[in-house]
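Down below is the structure, laid out as structure tokens.
The values are calculated or read from the model by the stated rules, or taken from the named source; none is laboratory data. Model, not experiment: these values are computed from the prediction. Here the Cβ is made from the backbone with ideal geometry for all residues, glycine too, and neighbour counts use every protein chain on show.
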Amino acid sequence: MSDEKQAIERRTFLCVVGAAGVAATVTTGCGDDSAPAVPFSAGRVADHPMGVWKLYGAQSVIVGRDAGGFYAFSATCTHERNQLEFREPSACTGPTGCTSISMTGLTRCPVHFSRFDANGGVIASPATVPLPHYQVTVASGEITVSPAVTVAATVRSAGV
């Protein structure tokens, strides 16, 4: 009887340890493993021609300038958090090396091929959520992006 009690305790112990291991494995992928969202310099106003996107890969942010002003949005696909790439046949023929592109091009996820428009809206699934936009400030001709501060996709910062 004593052996039977010990076997049950061992089984209970193994179940608890196994469940804890599964829980630890499952929750590891739940957090945001991106770089800290600290403000960064996106250069000077003169570095950003009208109608051109620039990719800041280390921060995974795209900065654009249109008639309304400057804006920034995530360069990370909302489907499974892969880095987006620029796709414009005339400007970029491969998945790497393109850090600036006309806004007539598209951003696309190279893994599952979600596509996003010039304002970060979804135009091809499997992504269903638009790319988040971030606060952009312009002071003394210097552009600063604050990825920790999300804003509406319509918000622009005038470049003066």
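Among the residues of the stretch 126-141, those that are hydrophobic (A, V, I, L, M, F, W, C) and loosely packed, with under 14 Cβ neighbours inside 10 Å comprise Val129, Ala139.
Condition (residue is within 14 Å of Phe70 (Cα to Cα), assigned by TED's automatic domain parsing to the domain that holds Thr78 and in a loop (DSSP other than H, G, I, E, B)) applied to the stretch 121-136: is it met by at least one residue? Don't jump to the end; show me each part of the working.
Keep residues of the stretch 121-136 that are within 14 Å of Phe70 (Cα to Cα), which gives 133-136.
Those still in the list that are assigned by TED's automatic domain parsing to the domain that holds Thr78 too: 133-136.
Now restrict to residues that are in a loop (DSSP other than H, G, I, E, B): none.
No, the stretch 121-136 contains no residue that is within 14 Å of Phe70 (Cα to Cα), assigned by TED's automatic domain parsing to the domain that holds Thr78 and in a loop (DSSP other than H, G, I, E, B).
Scanning the stretch 69-85 for residues that are at pLDDT 90 or above and out of contact with any Ser or Thr (no Cβ under 8 Å at 6 or more places or on another chain) yields a total of 2.
Out of Ser102, Ser114, one residue alone is at pLDDT 85 or above and either in contact with a helix residue (DSSP H, G or I) (Cβ under 9 Å, 6 or more places away or on another chain) or hydroxyl-bearing (Ser, Thr, Tyr) (or both). It is Ser114. Is there a residue being under 20 Å from the mean Cα position of the chain (by Cα), assigned to a loop (DSSP other than H, G, I, E, B) and at pLDDT 55 or above anywhere in the stretch 60-68? There is at least one residue in the stretch 60-68 that is under 20 Å from the mean Cα position of the chain (by Cα), assigned to a loop (DSSP other than H, G, I, E, B) and at pLDDT 55 or above. With respect to the conditions (1) surrounded by fewer than 17 Cβ atoms within 10 Å (Cβ to Cβ); (2) more than 15 Å from the chain's Cα centre (by Cα); (3) modelled with pLDDT of 60 or more, Pro95 falls short on a single one, namely (3).
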